[in-house]
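J.: For reference, the structure I am asking about is given below.
The numbers here are math on the coordinates, done by the rules we state, and not lab data. In this text the structure is predicted, and so the values were computed from the model without any measurement. In this analysis, Cβ positions are derived from the backbone assuming ideal geometry, glycine residues included, and neighbour counts consider all displayed protein chains.
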Amino acid sequence: MTKHKFKAKTLPALSMVGPVTIWLLVFVAAPLIYVLVMSFCGIDQFYNVSYHFTLTNYKRLLNADYVNIYGHSLIIALATTLICILIAYPFAYIIARTKSKKKSLLYMLVIIPFWTNSLIRIYGWRSLLGTSGWINTFLMNIHLIDEPIDFLYKQGTTIFGMVYCLFPFMVLPLYTAIEKLDNSLLEASADLGAKGPKTFFNVILPLTSGGIFSGSIMVFIPCLGYFFVADILGGGNSDVIGNLVERQFQSGNNWPLGAALSIILILVTLILVKIYQKLGGDMDSLGV
Amino acid sequence: MKKKRVLSIVLSVMLVSAMFAFTGCGNGSGSGANGELNIFTWTEYVPEAVIDKFEEEYDIKVNWTTFSSNEDMLAKVRAEADGTYDIVQPSDYMVEQMIAQDMLMELDYDIIDNLDNIGEGYLNPSYDPGNVYSVPYQGGVAAIGVNTDEIDLEITSYADLFDESLKGQLVVLDDYRAVIGMAARSMGYSMNETDEDVLSEIEEKLLTLKDNIKVYDSDSPKSSLISGDCTVAYCWSAEIALAQEENPAIEIVFPEEGPYVFMDNWAVLKGAKNSENAMKFIKFMLEPENAQMVSEEFPYLNANEKGVELMGEDFINNEAKNPPSSVIASGEYVSNLDTDTLAIYDEMWTKLKR
């Protein structure tokens, strides 16, 4: 009897779920567990990972200079997220609500940047923003400024680059949320005498807050890790946590410390996702 | 019916000819009559024409892979099965590290009979006494590039980089051993100090450099110098040479204290399957005309003196491309530090960058 049940129920289920589960175990769970294990290891005299238990890496994470960089990194991520919301919301609203035939074209405009690698686009910005770059040359030619403006290699430039890179990740969930908005609710609000701003803050904003949350998560988290933006536009003067991880895996040659640093990133991510869930966020709209 | 038969004939002809094409390939360039050679080099460092020439001359098929950092190379050599790579191209300190880990094979100087093409100053280096395991290839000097149109201060030493008038003017290598080592040398210390008291002295000095540094860039420090974003650079001599081609006002300064020097080398891995071919390859690379081909494409400091002699006046007299041997002799290589000391260096670097 049990054999029959196995054949009828378990086997089909296993054949459907099995491959995905194995995929997830091998390519997601195993590497993460490896990182976790490594973060408790030390290094030998040749800087190889040596598998003995130690808490040294975690002790080093509490170093005041590191903590300072985490702080800066969080500020950069927070600023980026806020700026993204402020720009992306009206933008997404216009695309989602427009009746124009240009709607799909506008939507495409958000997607197009993905066709070029973000690293190349960031390098592009560096040559645009340089002291002899196009923007400064233009401003000087129209006699708006006499001396070139120093755009590059500041914390602000890093934030600018992050906003530029991650803007689409804010627009897309917002677009989905605003698109789903039921028009009859807006009409009802208007019928009951609410003016534009009132409708926006009492009806539209609460109904689209899911989009804001998922967009924020998708912007905030990569911000902590996008070391190349901090390197190229920030010139190494405004490091994010990602730079610390990268340095330990490359020139620092201390993989266990790098692993411990990336555990911090994973923890921050988990905490944020948990908060998001608690606030009633929809896991599907995160794409996970 | 007939249509189907025609189709099947066409398909089988295609299949058979494809098979011929493959076997043909195997006899031609698939593997040379004298076997294969697997080389693992830095990217943008060995001209393709030189490799082609070697394949032709020796009838050895070369499989070529590249890396972009010593650590990356080491990790890959460890991860792959023995014999995946025959020849590697480690820098000075990495040669030392690989020798200590028993990863390199002693070179066969019966085959490599032309080591004397290498300049005297590059032989018998501190990281591999007697060149038992490695032969120098190309290298460089961490020199100072100055845009003389913008800077009036006369810069002659690493110590001058700390001058207050250079606030926000510097592009420096994004490399902690290079920058901390520069601070150490400016005070008369070694780049490889391990004494904690000395290191805290160096740290104090290092942090005074913070305001002068505008950007950390190892990939292309010349860009900031050429674009005018920075007026002084602490970077590789070859980068300064390229910047000079764009802006003749840029001058190269070799620091009085003696510069940070690096040298990349050819070495053969212990588990190499084609060790004899590897020795032949090193001999081939040492030949002056091949060294000349290398310098023409990648103008780094070339250790091959006989090759440099073929390069002509312009190259030989260009100090940025061909730093004087007295400069090299006054310089210092980075060497491997114990992990505790390295942790202190890492802390110093984090303090500088925070």
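J.: So what's the Cα pair-distance distribution over region B:57-117, bin width 10 Å, in %?
T.: P(r) over region B:57-117, rounded to whole percents: 17, 45, 34, 4.
J.: In sequence order, what are the phi-derived ³J(HN,Hα) couplings for region A:51-67 according to the Karplus relation 6.51 cos²θ - 1.76 cosθ + 1.60 with θ = phi - 60°, rounded to whole Hz, with x for glycine and proline?
T.: Karplus-based 3J(HN,Hα) across region A:51-67 equals 7, 10, 6, 8, 9, 3, 4, 5, 5, 5, 4, 8, 3, 3, 5, 5, 4 Hz.
J.: So what does the Cα-only Debye profile of region B:216-330 read at q = 0.17, 0.23 Å⁻¹, as log10 I(q)/I(0), no solvent term?
T.: Each listed q corresponds, in turn, to -0.92, -1.30.
J.: Just for chain B, what percent of DSSP beta bridges are antiparallel, to the closest 5? Intermediate results must be reported in sequence, preceding the final value.
T.: Values: 24 of 40 bridges.
Close to 60 percent.
J.: With N set to the residue count of the protein assembly as shown, report its C-alpha Rg divided by 2.2 N^0.38 Å to two decimal places.
T.: Normalised Rg, Cα atoms only: 1.16.
J.: Across 10 Å bins from the origin, how do the percents of Cα pairs in region A:111-210 run, short distances first?
T.: 13, 27, 21, 19, 17, 3
J.: Another one. Can you give me the relative contact order of region A:65-286 as a percent, contacts being Cα pairs under 8 Å and 6 or more apart?
T.: On the way: 245 pairs, mean separation 60.2, N = 222.
Result for region A:65-286 is 27 percent.
J.: On to the next question. What ranking, highest mean first, results for peptides B:339-350, B:102-113 when packing means the other Cβ atoms within 10 Å averaged over each residue?
T.: Ranking, from highest mean packing down: B:339-350, B:102-113.
J.: At 1.002 mPa s and 20 °C, plugging the Kirkwood radius over alpha-carbon pairs of chain B into Stokes-Einstein gives what diffusion coefficient in µm²/s?
T.: My calculation gives 96 µm²/s for D.
J.: Further question on the same structure: Can you give the net charge of the other residues whose Cβ lies under 14 Å from the Cβ of residue B:59, counting K and R as +1 and D and E as -1?
T.: Values: positive: B:53, B:61, B:280; negative: B:36, B:52, B:55, B:56, B:57, B:276.
Around residue B:59, the charge tally is -3.
J.: Show me the helices of chain B, taken as full DSSP H stretches, that run 27 Å or more along their long axis by Cα and average 1.0 or above in Kyte-Doolittle hydropathy.
T.: Span-like helices in chain B: B:2-25.
J.: Let me ask something else. Taking only Cα atoms of region A:241-284, what ratio of Rg to Rh do you get with Rh as the Kirkwood inverse-distance radius?
T.: 1.22
J.: Tell me, what HN-Hα J-couplings in whole Hz come from the Karplus equation 6.51 cos²θ - 1.76 cosθ + 1.60 at θ = phi - 60° for each residue of region A:132-148, using x for Gly and Pro?
T.: Each residue of region A:132-148 in turn: 10, x, 4, 5, 5, 4, 4, 4, 6, 5, 8, 6, 7, 9, 9, 10, x Hz.
J.: Here's something else I'd like to know. Which percent of Cα pairs goes in each bin when the distances of region B:30-69 are cut into 10 angstrom slices starting at zero?
T.: All Cα pairs considered, the percentages come to 31, 52, 17, 1.
J.: A further question on this structure: At a threshold of 8 angstrom on Cα-Cα distance, excluding pairs fewer than six apart, so keeping six or more, what relative contact order does chain B reach in percent? Walk me through the intermediate numbers first.
T.: Working: 585 pairs, mean separation 90.5, N = 354.
Across chain B, relative contact order equals 26 percent.
J.: Here's something else I'd like to know. Scan around residue B:169 for amide H atoms under 5 Å from its own, H built in the peptide plane at 1.01 Å from N, and keep only partners 5 or more places away or cross-chain.
T.: Residues meeting the amide H criterion: B:214.
J.: Only helical DSSP H runs with n ≥ 4 go in: add -39500 (n - 2.57) per run for chain A, normalise by residue count and round the 222 nm mean residue ellipticity to 500 deg cm²/dmol. Let's see the in-between values first.
T.: Numbers: 15 runs with 195 residues, N = 288.
The helix contribution divided over chain A gives -21500 deg cm²/dmol.
J.: Let me check I've understood the local charge: for residue B:187, count other residues with C-beta under 12 angstrom from its C-beta, Lys and Arg +1, Asp and Glu -1. What total comes out? Before the final figure, lay out each step's value.
T.: Working: positive: B:185, B:205; negative: B:193, B:201, B:203, B:204, B:257.
Local net charge: -3.
J.: While we're here: Which parts of region A:153-194 would a label at residue A:107 reach, counting a residue when its backbone N lies under 15 Å from a point 7 Å out along Cα-to-Cβ?
T.: A:171-181
J.: Using each residue's phi in region A:29-41, evaluate 6.51 cos²θ - 1.76 cosθ + 1.60 at θ = phi - 60° and report the 3J(HN,Hα) Karplus result to the nearest Hz, with x for Gly and Pro.
T.: For region A:29-41, the Karplus-derived couplings read 5, 4, x, 5, 5, 4, 4, 4, 4, 4, 5, 9, 9 Hz, x marking Gly and Pro.
J.: Let me ask something else about it. Could you run the Debye sum over the Cα atoms of region A:169-235, one equal point scatterer each and no solvent, and tell me log10 of I(q)/I(0) at q = 0.16 Å⁻¹, two decimals?
T.: The Debye formula, applied to the Cα set alone, gives -0.63.
J.: Further question: What dipole magnitude, in Debye to the nearest 20, does chain B give about its Cα centre under +1 on Lys/Arg Cβ and -1 on Asp/Glu Cβ?
T.: 2500 debye
J.: In addition: For region B:275-323, which semi-axes, largest first and in whole Å, follow from the square roots of 5 times the eigenvalues of its Cα gyration tensor? Before the final figure, lay out the partial values.
T.: Values: eigenvalues 108, 17, 12 Å².
Result for region B:275-323: semi-axes of 23, 9, 8 Å.
J.: Turning to a different aspect of this structure: What's the long-distance tail for region B:123-202, i.e. % of Cα pairs beyond 20 Å?
T.: Tail fraction, whole percent: 50.
J.: Let me ask something else about it. Averaged over B:213-222, how many beta carbons belonging to a partner chain fall within 10 Å of each residue's beta carbon?
T.: 4
J.: For chain B, with the dipole built from +1 on Lys and Arg beta-carbon atoms and -1 on Asp and Glu ones, taken about the Cα centre, which of B:115, B:32, B:194 lies farthest toward the positive end?
T.: B:32
J.: What is the set of long-range amide H partners of residue B:35 at a cut-off below 5 Å, with H atoms built 1.01 Å from backbone N?
T.: Here B:61 satisfy the definition.
J.: Please name which of A:75, A:189, A:256 has its Cα lying farthest along the dipole of region A:65-286 towards the positive end, using unit charges on Cβ (Lys, Arg +1; Asp, Glu -1) and the Cα centre as origin.
T.: Value computed over the given set: A:189.
J.: Can you tell me which of B:168-178, B:187-197 comes out highest on packing, and rank the rest after it, using the mean Cβ neighbours within 10 Å?
T.: Highest mean packing first, the order is B:168-178, B:187-197.
J.: Using a Gaussian network model of chain A with C-alpha springs under 10 Å, which one of A:72, A:143, A:52 is most mobile by mean-square fluctuation?
T.: A:143
J.: In vacuo Debye scattering of chain A, one point per C-alpha: log10 I(q)/I(0) at q = 0.07, 0.10, 0.14 Å⁻¹?
T.: Ignoring solvent entirely, the Cα scatterers give -0.40, -0.75, -1.16.
J.: Between residue A:207 and residue A:115, what length in nm is gained on full extension when 0.36 nm per residue of separation is reduced by their alpha carbon distance?
T.: 29.9 nm
J.: What FRET efficiency comes out for residue B:341 versus residue A:36 if R0 is 35 angstrom and r is the Cβ-Cβ distance? Round to the nearest 0.05.
T.: So, using R0 = 35 Å, E works out to roughly 0.80.
J.: Estimate the FRET efficiency between residue B:297 and residue B:150 by the formula 1/(1 + (r/R0)^6), using the beta-carbon distance for r and 30 Å for R0, to the nearest 0.05.
T.: 0.45
J.: Could you state, as a whole-number percent, how many of the C-alpha pairs of region A:20-93 are farther apart than 19 Å?
T.: Summing the P(r) tail past 19 Å for region A:20-93 gives 65 percent.
J.: Averaged over peptide A:247-257, how many Cβ atoms belonging to another chain are found within 10 Å of each residue's Cβ?
T.: Shielding by partners across A:247-257 averages 5.
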